[in-house]
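Notes for the one structure printed next.
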Amino acid sequence: MNASTWFTLRPQRGTTTVRDLLTPAQIRCLGVLLLAAQLPQAPHLPIWVAATGIMLVGLRIVLLRRDRLRPQAPPARIPSWALAVFAVAAALAVRASFGYLAGRDPSVAFLYILVAIKFLETRSTRDGTLLICLACFLLVTPFFYSQSPLAAIVVLPAVLGVGVALDALTCNRTALPAFDWRSALRRSAVMILQGLPVAALLFVLFPRLAAPLWGLPSDYGAQSGLSDSMSPGQISELSLSDAVAFRVDFDGPVPPPALRYWRGPVFSRFDGRTWSPGPFMLRGGVLPVEGPVVTYTVTLEPNHRRSLFALDLPVALPVFSGGAAPLIGAPYITIDQQLLMRAPMGAESLRYSQQSVLRSRFPAMSSLESRANLGVGEGNPRTLALAAQLRALHPDDSAYIGAILEKFTREDFVYTLAPPLFERDPVDLFLFGERRGFCEHYASAFVLLLRAAGIPARVVTGYQGGAVNPRGGYMIVRQSDAHAWAEAMIGGQWQRYDPTAAVAPSRIELGLGGALSAGEPVPFLARLDATWLTGVQLAWDAFNHDWRRNFIDFNRDRQRSLWRDWRLDQFAPWQVVALIALTIFAWGAMVVGWLMWKRRHQERALVLWDDLNRRLARAGLPRQPHEGPLAFASRAAQRWPQFAIAFAAIGESFAELRYGSVPVARERDALVATLERAIDVLPAPAALRTTH
Amino acid sequence: MTLRSASQAGTPSAARLALILAQLGRIVVGKDEPLRLALACLLARGHLLIEDIPGVGKSTLAQALAATLGLKYSRVQFTSDLLPADVLGVSIYDERSQSFRFHPGPIFNSVVLADEINRAPPKTQSALLEAMEERQVSQDGQTRKLPEPFFVIATQNPTEQIGAYPLPESQLDRFLLAIELGYPDSAAERELLSGGDRRSRIGDTAPLADPATLADWQREAAAIHVAPALLDYVQALLAASRGHTGSGEAASRRGLSPRAGLMLLAAARAYALIGGRPMVLPEDVQAVFPSVAGHRLAGGTRAGALQSQSLLRAVPLP
């Protein structure tokens, strides 16, 4: 297709009358609104989609400018068939880019381009109204991706823009050349502020559903966090990230660092290099252990995995807060005591409350466990030989384990974030060659040595530590806290061993930043020396956490408990609704009353004059916005000659009051009285309308 | 307008000004509004630019104005060979007194008609325009005051621009008002055709005022009250002319300056004085606005006047 045919110029035609057509100022206003609505969404889209949408809107504005510079030429217009072709092309391109069309991401991308195409053909007031509705829909889409306070702030300009565009569309046409976007912006802002109390009231009091009407579809996205298997180098890579894994609100005191083992995926199967889950992903049960129970709420960041994290050892199943539970289904605990969901996590973060007993020793669930945790995989012959040698010296299990831990402590093993790459026989290479490794190397070698000696053992991954945010009093656990440790079965009991602690005890006490030597690439926020930037980051994190806790997760349960606090639960639902209606009505009355109060305190003459204008407008003679008092009065006198004297008195007394200098109060009062009497002479608007 | 005429006799000066307008109207037939604007221009101590084709009564208007107000009148036909000295005057050596003697030019009169000002070279134009601004003539190291009142009516023919020197924008700014006379309507034209030569009537005209009275009126006009509400309106008009409206159509590349705003107020005050009101109304501002703004906006007087009409419609009263 020849590109130039897309922009053919032809005179405007069609059935829309001039009155229905949008003025260039109105179209520009709509264009600005669209840009404001597009920008918050743009970062979530492929760059070509974002650019195309913005360029289409820009094209219309450029065409408008061209029309203005060449007023004689017929207005530029893109034929509608070209737009249709373009829409189809956009759909195909989106399909090609995403690989599918019926999903959240491609749908949003298509909507994004479609709205811009609609703008290109927007000409009538009706189109404009439709476009504003579409812009409102577009405004919602960024929240599919993020519900952070930042996302809310970013769409604010567009919300204001909707007000301004509505103002521009409904603006009196005769006054349109004087359309002032500043005052429209002010009006829109004032109206949003006036609406805030009503919105807050509805937020708190409008009955919430037990579950959302529809769930957010989650597309496969980027992954971070602990994975479903462990091979050398994986966790150390993860530890380079500052990203938050989850946040925890403790109901009581925060446990000491050495006890903060957040249990995650447990690995039983070993092929000589990679650890993967064993056969015990099956549903198990909560172990009956005793001890003081710690209760806390975890807010898990989206990671697209099934694992949930709990302090070792979880003694109850997690309870999801709010509407998430029916969508995800109940979580369960496996035989090897890890918490799992039935489906991978969606794009939204997840909140659950959890109970744990802090202990490092617990009974095994099944007798099968000891047999399944003995495999040594292929390779690593020197390690197996070492195990046999040590076992000969220490027939007792505990003594044997002690000897291995002592070996890690005594010999010059180094704890580092940047271990060398172990290609073959990784445990051999680590134990006898490099002797430099991260927690996964130590855990892996430790478990293999135990298994080679016939002691059942397994690798547990998760997080260790976490820092309390002083700004919010909650704990942040980051990806840099990712950790791997070991469990060994001794006398039917699983006992936790952390070989990393033997090499670098400060990793457990102080976190990553304390354990690594200088020069290691420790993530910024895991460092011990706090800077002001860390403080700002923590404050922002606290704000986000509060936002999430108090706004996003304000669900039916929280609403009910709030109602209980306010003693609202004694009312029937219809009574609550009536209360809401009454409060909104009262608020409306307050706003209107305030406007009336303001008006009453305006100049009396202006009030009378405005009243007269309204009455004459109803009688069929509206005052033009620019019409002065004498001109309007004489026009009225021509229309109703029988009241010419009254109109003359009205015009002159108002002109004198508004534009003259009448310093004496009594004279002013006399003039106001004249104005009032002269207006009283006139009959009611309905009567005036019929007289000639 | 019934209302305005009812209030016309509001002040003694207004009654006499009404008489003056009536007499002028008998000479320049059917041109009530241009006459009123011309008189307002004189009362506001400004100068008048008339843009129109020949033969519609520009000179008649100037002569009639001078005669009715009892002012001395002179006329300069601007041509391409006109020199500044032809307008301002020249010093000639007088053999008897053995010294130079200044012979004042036609500019030393109260009403000066500068006909077809755009025919003269820029040097002569600017000599006249400087004198208009300073109200004095400096020559040979001597400064001579021009008479008071001093009122220049310049005319130019906008349609014939070949061999002409159109006035630059900065010079146009020296004229308070720019008006067009236009063709008379059919009744007025009939009266003109049947009534014989109008100019011959000027000789019979009795002066209805004198320079001293005129100076009083000018002071009176300058003292007319302007309310804050009216200043709001004037400011809104100025802002609109500068394109602050957000609308591309009304936006102009050259808006009105603060001085134009002052001139607008002065003209509106004089107009209110003629109307017999002690204060300026938006109607007064609207009456003079196209004539004040027309030649100050881009695109020539006529386009400017049209643009100022649409500005007036667009700006609501505050």
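Report, by residue number, each residue of the stretch A:625-664 that is aliphatic (A, V, I, L, M) and closer than 24 Å to B:ARG313 by Cβ.
A:LEU630, A:ALA631, A:ALA633, A:ALA636, A:ALA637, A:ILE650, A:ALA655
Would you point out which residue out of B:GLN142, B:GLN125 is crowded, with 17+ Cβ neighbours inside 10 Å and either touching a residue at least 24 places away in the same chain (Cβ under 8 Å) or farther than 22 Å from B:ALA66 by Cβ (or both)?
From the options B:GLN142, B:GLN125, the qualifying one is B:GLN125.
What strands (runs of 3 or more DSSP E), lying completely within the stretch B:87-158, carry at least 2 residues that are within 16 Å of the chain's Cα centre (by Cα)?
Fully inside the stretch B:87-158 and qualifying: B:111-115, B:151-156.
Looking at (1) open to solvent by 60 Å² or more (accessible area, probe 1.4 Å); (2) touching a residue at least 12 places away in the same chain (Cβ under 8 Å), which is the one condition that is false for A:VAL108?
Result: A:VAL108 passes all but (1).
Would you mind stating whether A:MET345 is open to solvent by less than 60 Å² (accessible area, probe 1.4 Å), of a type outside the set (Gly, Ala, Ser) and at pLDDT below 80?
Spelling it out, A:MET345 is indeed open to solvent by less than 60 Å² (accessible area, probe 1.4 Å), of a type outside the set (Gly, Ala, Ser) and at pLDDT below 80.
Has the stretch A:629-648 got any residue that is open to solvent by 40 Å² or more (accessible area, probe 1.4 Å), within 58 Å of the chain's Cα centre (by Cα) and at the interface with chain B (Cβ under 10 Å from one of its Cβ atoms)?
Within the stretch A:629-648, not a single residue is open to solvent by 40 Å² or more (accessible area, probe 1.4 Å), within 58 Å of the chain's Cα centre (by Cα) and at the interface with chain B (Cβ under 10 Å from one of its Cβ atoms).
Please state which one of A:VAL298, A:VAL248, A:VAL286, A:VAL294 is β-branched (Val, Ile, Thr), buried (at least 18 other Cβ atoms within 10 Å of the Cβ) and either more than 22 Å from the chain's Cα centre (by Cα) or in a helix (DSSP H, G or I) (or both).
Answer to the selection: A:VAL294.
Can you name the residue in the stretch B:289-310 that is open to solvent by less than 10 Å² (accessible area, probe 1.4 Å) and within 13 Å of another protein chain (Cβ to nearest Cβ) and is also modelled with the lowest pLDDT among such residues?
Selected residue: B:SER308.
Working carefully through the options A:ARG260, A:ARG247, A:ARG269, find the one that is within 17 Å of A:HIS483 (Cβ to Cβ), in the same structural domain as A:SER356 (by TED's automatic domain parsing) and of a type outside the set (Phe, Trp, Tyr).
None of the others qualify; the one that does is A:ARG260.
Would you pick out the residues in the stretch A:657-672 that are more than 7 Å from every other protein chain (Cβ to nearest Cβ) and open to solvent by less than 50 Å² (accessible area, probe 1.4 Å)?
A:LEU657, A:VAL662, A:LEU671, A:VAL672
Filter the stretch A:482-521 down to the residues that are modelled with pLDDT of 75 or more, over 21 Å from A:GLU369 (Cβ atoms) and of a type in the set (A, V, I, L, M, F, W, C), then identify the one that is surrounded by the fewest Cβ atoms within 10 Å (Cβ to Cβ).
Here the answer is A:ALA502.
Taking the stretch A:447-484 as the region of interest, how many residues are among the polar types (S, T, N, Q) and out of contact with any strand residue (DSSP E or B) (no Cβ under 8 Å at 6 or more places or on another chain)?
Within the stretch A:447-484, residues that are among the polar types (S, T, N, Q) and out of contact with any strand residue (DSSP E or B) (no Cβ under 8 Å at 6 or more places or on another chain) number 1.
Looking at (1) open to solvent by 10 Å² or more (accessible area, probe 1.4 Å); (2) touching a Phe, Trp or Tyr at 6+ places or on another chain (Cβ under 7 Å); (3) outside any helix (DSSP H, G or I); (4) modelled with pLDDT of 85 or more, which one does B:VAL56 not meet, given that it meets all the others?
Unmet for B:VAL56, out of (1) open to solvent by 10 Å² or more (accessible area, probe 1.4 Å); (2) touching a Phe, Trp or Tyr at 6+ places or on another chain (Cβ under 7 Å); (3) outside any helix (DSSP H, G or I); (4) modelled with pLDDT of 85 or more: (4).
State whether one or more residues within the stretch A:439-455 are in a strand (DSSP E or B) and open to solvent by less than 20 Å² (accessible area, probe 1.4 Å).
No - not one qualifying residue is present in the stretch A:439-455.
Among the residues in the stretch A:27-36, are any in contact with a Phe, Trp or Tyr (Cβ under 6 Å, 6 or more places away or on another chain) and either assigned by TED's automatic domain parsing to the domain that holds A:PHE144 or not basic (Lys, Arg) (or both)?
So far as the stretch A:27-36 goes, yes, one or more of its residues are in contact with a Phe, Trp or Tyr (Cβ under 6 Å, 6 or more places away or on another chain) and either assigned by TED's automatic domain parsing to the domain that holds A:PHE144 or not basic (Lys, Arg) (or both).
Identify, from the list A:PRO685, A:PRO625, the residue that is in contact (Cβ under 8 Å) with a residue 12 or more places away in the chain and touching a Lys or Arg at 6+ places or on another chain (Cβ under 7 Å).
From the options A:PRO685, A:PRO625, the qualifying one is A:PRO685.
Of B:ARG259, B:ARG313, B:ARG254, which residue is surrounded by fewer than 22 Cβ atoms within 10 Å (Cβ to Cβ), within 14 Å of chain A (Cβ to nearest Cβ), more than 19 Å from B:GLU180 (Cβ to Cβ) and at pLDDT below 90?
B:ARG313
With the structure loaded, tell me whether A:PRO149 is more than 22 Å from A:LEU185 (Cβ to Cβ) and surrounded by 15 or more Cβ atoms within 10 Å (Cβ to Cβ) or whether it fails that test.
So A:PRO149 passes the test.
Pick from the stretch B:194-241 the residues that are touching a residue at least 60 places away in the same chain (Cβ under 8 Å) and within 13 Å of another protein chain (Cβ to nearest Cβ): which of them is surrounded by the most Cβ atoms within 10 Å (Cβ to Cβ)?
Top of the filtered list is B:SER241.
Considering only helices (runs of 4 or more DSSP H) fully contained in the stretch A:118-174, which possess at least 2 residues that are farther than 30 Å from A:SER349 by Cα and more than 30 Å from the chain's Cα centre (by Cα)?
A:125-140, A:149-170
Of the residues A:LEU34, A:LEU59, which single one is farther than 17 Å from A:LEU138 by Cα and at pLDDT 90 or above?
From the options A:LEU34, A:LEU59, the qualifying one is A:LEU59.
Yes or no: A:GLU378 surrounded by fewer than 22 Cβ atoms within 10 Å (Cβ to Cβ), outside any helix (DSSP H, G or I) and without any contact (Cβ under 8 Å) to a residue 12 or more places away in the chain?
Spelling it out, it is not the case that A:GLU378 is surrounded by fewer than 22 Cβ atoms within 10 Å (Cβ to Cβ), outside any helix (DSSP H, G or I) and without any contact (Cβ under 8 Å) to a residue 12 or more places away in the chain.
The values are calculated or read from the model by the stated rules, or taken from the named source; none is laboratory data. All of these numbers come straight from a predicted model, not from anything done at the bench. Neighbour counts are summed over all protein chains in view; Cβ atoms, including those assigned to glycine, are modelled from backbone coordinates with ideal geometry. What goes into the accessible areas is simple: the full protein's heavy atoms, side chains included, and nothing from ligands, DNA or RNA. Shrake-Rupley method; radii C 1.70, N 1.55, O 1.52, S 1.80 Å.
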